[in-house]
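The values are calculated or read from the model by the stated rules, or taken from the named source; none is laboratory data. Fair warning: this is a prediction, and the values are worked out from it, not measured in the lab. As a convention, Cβ positions derive from the backbone with ideal geometry for all residues, glycine included, and neighbour counts pool all protein chains shown. Ligands, DNA and RNA are stripped out before the accessible areas are found, and what is left, the full protein with its side chains, is counted by its heavy atoms. Shrake-Rupley method; radii C 1.70, N 1.55, O 1.52, S 1.80 Å.
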Amino acid sequence: MAMSSSESATALKRTVIIAIFAAVAVVLSIVEAQIPLAGIGLMPGAKLGFANIMILTCIYFLRGRDVFVLVILKTLLTAFLLGTLSSLLFSLFGSLFSFIAMFALVKLGRKKFSVIGISIVGGLAHNTGQLLAASFVFNSTSIFYYLPVLLITGIVTGIAVGFAVRYVVDSLSRISLFEEFLNGPGH
């Protein structure tokens, strides 16, 4: 069945938004990779989660499958530019856990949960997913000793990302490209 010109225009807009968000997420990941968090006492491999700004923002505007495409694009491109096969696995597990948790909360009711609360849950889910991947790769549960530190880090970065997303969603809501997506996921 052929799409109407209106449906075709909406599909094109979705594709453009996903491409822009993926590009920004990759750039944020590259910037984040330049910040030496291990030098300030955080565990090696710890990140601030800047790319999650784009993922959570996308959740507020597009459908789940659109956000899933964004998560996969961001993860593959970032791993290709910055990482290794194991970092791809860690990032993929973390990103998927985070996406599922945040999307579920938004679907349950964006009025029930604040953007900051959803972002914190996303940060915690990301860290948990990465630890599960590491446990699988290293065939050891001793990696979960990092969990308390990662949970604290996830809360702090989740708060920061949540504030950024609140600002970005508000700002993008004023741009004509996003007008038809203002009612949130499911369109």
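Listed values, structure above:
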item	result
Among the candidates PHE50, PHE93, residue that is closer than 19 Å to LEU151 by Cα, open to solvent by 50 Å² or more (accessible area, probe 1.4 Å), at pLDDT below 95 and part of a helix (DSSP H, G or I)	PHE93
Exclusive hit being at pLDDT 90 or above, aromatic (Phe, Trp, Tyr), in a helix (DSSP H, G or I) and open to solvent by 60 Å² or more (accessible area, probe 1.4 Å), set PHE68, PHE103	PHE68
Residues (open to solvent by 60 Å² or more (accessible area, probe 1.4 Å) and closer than 11 Å to LEU70 by Cβ) located in the stretch 16-30	ILE20
Subset of the stretch 106-115 that is part of a helix (DSSP H, G or I) and more than 15 Å from THR57 (Cα to Cα) - its residue that is most open to solvent (accessible area, probe 1.4 Å)	LEU108
Residue ID - nearest to SER176 (Cα to Cα), chosen from residues in the stretch 73-86 that are touching a residue at least 12 places away in the same chain (Cβ under 8 Å) and either open to solvent by 30 Å² or more (accessible area, probe 1.4 Å) or in a loop (DSSP other than H, G, I, E, B) (or both)	LEU73
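Conditions (1) within 27 Å of LYS13 (Cα to Cα); (2) part of a loop (DSSP other than H, G, I, E, B); (3) of a type in the set (Gly, Ala, Ser), marked per residue:
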| site | (1), (2), (3) |
| --- | --- |
| LEU89 | no, no, no |
| PHE99 | yes, no, no |
| LEU124 | no, no, no |
| ASN127 | no, no, no |
| GLN130 | no, no, no |
| VAL149 | no, no, no |
| TYR167 | yes, no, no |
| SER171 | yes, no, yes |
